[in-house]
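Derivation of every value follows stated rules applied to the coordinates shown; laboratory data play no part. Everything numeric in this text was worked out from a predicted model, so none of it was measured. Cβ placement follows ideal geometry from the backbone for every residue including glycine, while neighbour counts extend to all protein chains displayed.
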Amino acid sequence: MTRSVQTVLSGLGLATSWTWCIGMFAPIVIGQMFGWPGILAFAIPNVLGCALFGYLRSRRRSMAETHDHAFAMACFSAATVAYQLFFVGWLGGPVLAEAMATERSDGALLGVFVVFGAALALAHLPRPMLWALAALGFVASLATFAFLPWGRMNPLPATGEFTLAQLGFVLPTIVFGFMLSPNLDLTFHRARQEVPEGARPTNFLVFGFAFATMLLLTVCYLKSPQGLTNPAVRAHIVLQLILTSALHLSEIRATALGGRTRGVLIFLALVVGLGAAVLAPLEDTYLRFLGLYGLVFPAYAALALRTVGRPSLWAILGLGVVVAAVVPIIDDAFLNGPGPAAPLAVILPLAAVALIGRRAKST
């Protein structure tokens with residue numbers, strides 16, 4: 001296989017890895033909140049922040065980061081799997097329940113176990129084979145464009161439930177999340193480490209264009225009168241949920257953590273995702289999962305970037321206190337409407353990271 005083919009496959013596989021239930025659904029929610037300006041505010045930092053990941057670190061630095069922050073990155077992957085499982089149980093549960101003439105919770109259970117079982121089986125494949133399947137999954141998802149009702153598309157709304165000024169209040173959180181969360185994504189590190197030292201990480205350029213195409217697909221079925229009921233759209237979503245989960249489960253299995261720790265994280269991903277789908281099948285739950293990637297994980301990533309090696313326990317606890325203090329701010333912003341206090345959800349954690357980093361350098 002030539003280097004050019006490897007680059008393309010890596011970029012396309014990475015696009016599948018990042019096509020979560022966020023990219024496939026959040027534009028719909030954000031469009032309802034803020035109209036198409038909100039969708040742009042979501043998409044631009046998402047694509048740029050992720051594509052720049054490969055250009056802002058060397059292969060050697062990526063290897064050091066995956067070593068020093070292995071547990072945090074494995075937690076990131078476990079949370080990501082849980083998020084995908086919640087999503088399929090939340091939206092897929094009623095569809096399966098109707099098809100089987102049973103309770104919604106039974107449909108959610110079936111959907112979660114089918115996606116998790118398929119993902120876990122794929123995660124045991126040799127890594128090159130799994131990434132090749134992920135690249136093929138991206139190509140398969142492209143076929144969804146052919147099944148959309150192009151002659152009956154609705155226009156994107158220019159406004160939503162909230163104002164442009166309110167979008168400005170949460171824009172720092174959106175940028176904070178998408179610029180920093182990829183630093184904890186083991187699949188991003190995998191793609192960067194596959195590039196030889198000194199070579200350009202062109203696979204991230206391929207990823208940027210490919211993932212932007214997936215976001216465009218989401219916008220297209222947002223405009224479609226069928227929306228998520230289109231069978232091709234449903235097939236695309238299920239395919240991407242399975243492959244995303246498989247890639248992250250594969251990376252958890254490959255970490256240097258102990259076997260018991262890896263097993264516990266995988267089990268917790270199933271329990272949390274299933275529990276949320278059965279006990280709290282709400283859009284509020286979806287948004288609270290999203291908050292992990294807008295606040296918790298980027299805050300840790302900012303701390304990791306400011307420290308050499310593993311952060312101390314006291315540093316993590318100190319940042320954890322600040323993050324816990326601003327959780328109600330970001331929770332209220334996305335559930336009830338952004339207010340002037342919303343930027344504090346970014347400002348205070350960054351201030352804490354700066355203080356912690358300064359103290360670490362002085363000791």
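Could you tell me whether segment 196-354 comes out rounded, prolate or oblate from its Cα gyration tensor? Rule is a ≥ b ≥ c as square roots of the eigenvalues, rounded for a/c under 1.5, then prolate if a/b exceeds b/c, otherwise oblate. Don't skip to the answer; put the middle values down first.
Values: a/c = 1.44, a/b = 1.20, b/c = 1.21.
Cα axes put segment 196-354 in the rounded bin.
In whole Å, how far is the Cα centre of segment 1-33 from that of segment 117-169?
One Cα centre to the other: 7 Å.
If packing is taken as the average number of other Cβ atoms within 10 Å across a peptide's residues, how do 10-18, 38-46 rank, most packed first? Please list the in-between numbers first.
Details: 10-18: 27.6, 38-46: 20.8.
Result, highest mean first: 10-18, 38-46.
On the Cα set of segment 274-327, report Rg and Dmax in Å, please.
Rg, Dmax (Cα atoms, Å): 14.0, 41.
Convex hull over the alpha-carbon atoms of segment 154-214: what's its volume per residue in Å³? Intermediate results must be reported in sequence, preceding the final value.
Values: hull volume 8.1 nm³, N = 61.
Value for segment 154-214: 133 Å³ per residue.
Compute the signed sum of charges (Lys and Arg +1, Asp and Glu -1) over the other residues within less than 9 Å, Cβ to Cβ, of residue 59.
Values: positive: 57, 60, 61, 192; negative: 194, 197.
Summing Lys/Arg as +1 and Asp/Glu as -1 gives +2.
Any idea what the relative contact order of the chain is, in percent, if you count C-alpha pairs under 8 Å spaced at least 6 apart? Intermediate values should be presented prior to the final figure.
Details: 509 pairs, mean separation 118.7, N = 363.
Relative contact order for the chain comes out at 33 percent.
By average Cβ neighbour count within 10 Å, what is the ranking of 62-73, 170-181 from highest down?
Details: 62-73: 18.5, 170-181: 22.4.
Per-residue mean Cβ counts within 10 Å order the peptides as 170-181, 62-73.
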